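A.B. asks: Below are the structure tokens for one structure; questions will follow.
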Amino acid sequence: MKVIGVVGLPASGKGEFSKIAAAMGIPVVVMGDVIRNIVKKAGLEPTDANLGTIANKLRAERGMDAIAHLCIAAIEEQHAPLVLVDGIRGDSEVRVFREYFPTFVLIGIDSSFETRLKRLGTRGRSDDVGSAGALRVRDERECSWGLGEALKLADIHITNDGGLESYAEKVRALLAEQGGQT
């Protein structure tokens, strides 16, 4: 099994990447779902603040690679030649995936701050932030987990500052190169 991971700042296009992969029949394991499930079990609202608090708590208690370790079983349960891991947030997570999956490939999604802020105003998720200041705070929090370092470790970079169809074409081509069906 080949595992590919996607890393990028909030609203860079990780979710769209995953939707395209799923439409191509590639199983997707979303790291953020681990956090969302813990927040739900705790009876909390899935807000940015609650998700961030739980993610920080897990990392403080179990190490910066805690969420990656929690995802390994879900990845291994997939019976497919290619599996996508969405939402890598740190370099320690990248190291875990490279250790467990020797053919692991990391894809970094690059998108400008202005483009990401505009997307947050339209996508309608409960954890979306509504201002430039709030996005900067979220970026800083996620970079404190090693996200910037993880982006530097990417084997492949893809830019997502244009339209959705242009991005989708790039993603489909990249996934086909990695062994996904077209």
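A.B. asks: For the range 2-173, with the dipole built from +1 on Lys and Arg beta-carbon atoms and -1 on Asp and Glu ones, taken about the Cα centre, which of Pro102, Ala11, Gly90 lies farthest toward the positive end?
C.D. replies: Ala11
A.B. asks: Another one. Tell me, Met64, Met31, Met1 in order of fewest to most beta-carbon neighbours within 10 Å?
C.D. replies: Fewest-to-most Cβ neighbours within 10 Å comes out as Met1, Met64, Met31.
A.B. asks: Report the FRET efficiency, 1/(1 + (r/R0)^6), for Thr47 and Glu114, where r is their Cβ-Cβ distance and R0 is 25 Å, rounded to 0.05.
C.D. replies: The formula returns an efficiency of 0.55 here.
A.B. asks: Determine the dipole magnitude for the range 125-181: charges of +1 sit on the beta-carbon of Lys and Arg, -1 on that of Asp and Glu, nothing else is charged, the reference point is the Cα centre, and the result goes in debye to the nearest 20.
C.D. replies: 80 debye
A.B. asks: Let me ask something else about it. Per the Kirkwood formula on distinct C-alpha pairs, the Rh of the range 1-61 is how many angstrom?
C.D. replies: Kirkwood hydrodynamic radius for the range 1-61: 13.1 Å.
A.B. asks: Want the number for Glu177 to Glu99: 0.36 nm per residue separation, take away the alpha-carbon distance, what's left?
C.D. replies: Once the chain is fully extended between Glu177 and Glu99, it gains 25.8 nm.
A.B. asks: About the Cα centre, and with charges only on the beta carbon of Lys, Arg (+1) and Asp, Glu (-1), how big is the dipole of the range 42-182? Nearest 20 debye, please.
C.D. replies: Charge dipole, the range 42-182, about its Cα centre: 240 debye, nearest 20.
A.B. asks: For a Förster distance of 35 Å, can you work out the FRET efficiency between the beta-carbons of Ala74 and Ser131, rounded to the nearest 0.05?
C.D. replies: Taking R0 as 35 Å, the efficiency between Ala74 and Ser131 is 0.55.
A.B. asks: How many nm separate the modelled label positions at Thr159 and Met24, each set 7 Å beyond the Cα in the direction of the Cβ?
C.D. replies: Here the answer is 2.1 nm between the modelled labels.
A.B. asks: Any idea what the relative contact order of the chain is, in percent, if you count C-alpha pairs under 8 Å spaced at least 6 apart?
C.D. replies: Value for the chain: 36 percent.
A.B. asks: Taking a threshold of 31 Å on the Cα-Cα distance, which of the pairs Lys14/Lys41; Lys40/Lys170; Lys19/Lys40; Lys2/Lys118; Lys41/Lys170 fall above it?
C.D. replies: Beyond 31 Å: Lys40/Lys170; Lys2/Lys118; Lys41/Lys170.
Bear in mind these aren't lab numbers, they're just calculated from the coordinates by the rules spelled out. This is a predicted model, so every value here is computed, not measured. Please note: Cβ atoms are built from the backbone with ideal geometry, for glycine as well, and neighbour counts cover all protein chains shown.
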